[in-house]
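The values are calculated or read from the model by the stated rules, or taken from the named source; none is laboratory data. For clarity, every value in this text was computed on a predicted model and none was experimentally measured. When the accessible area is computed, the model is the full protein with side chains, heavy atoms only, and any ligands, DNA or RNA have been set aside. Shrake-Rupley method; radii C 1.70, N 1.55, O 1.52, S 1.80 Å.
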Amino acid sequence: MERNYCHLKLDERRKLAKQLEAKMPVSEIADRLGRAPSTIYRDIKRNKYTDDELSELSGYHALVAQDKTAPDHKWTASLRLTRSASFDPSRPP
């Protein structure tokens, strides 16, 4: 069984942040975004911002979440390109 996983896009994260701020249940947010509730919970857990000095700034922020995930995608893509470009089955590793 093949799965296609697609990360939340910035516009989805903005909607998610607004709906969380409005105290909307995650199941309803997931329905509105057309995503599984587990995807929403996972994104909130992985990308929430915590400020120990100013606790009122802590929470889920769309731009923070996007910034947290963006470097991983670039690194993974460049790693794939590096691996595929340097792979030659006729040469020993």
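Full extension from K15 to E28: what is 0.36 nm times the residue separation minus their Cα-Cα distance, to one decimal in nm?
3.5 nm
Convert each backbone phi in the stretch 29-38 into a coupling constant with the Karplus relation 6.51 cos²θ - 1.76 cosθ + 1.60 (shift: θ = phi - 60°), then list the ³J(HN,Hα) values in order as whole Hz, x for Gly and Pro.
4, 4, 4, 5, 8, x, 10, 6, x, 5
How much solvent-accessible surface does R14 expose, in Å² to the nearest 10, with a 1.4 Å probe and all protein chains in place?
Accessible area of R14: about 120 Å².
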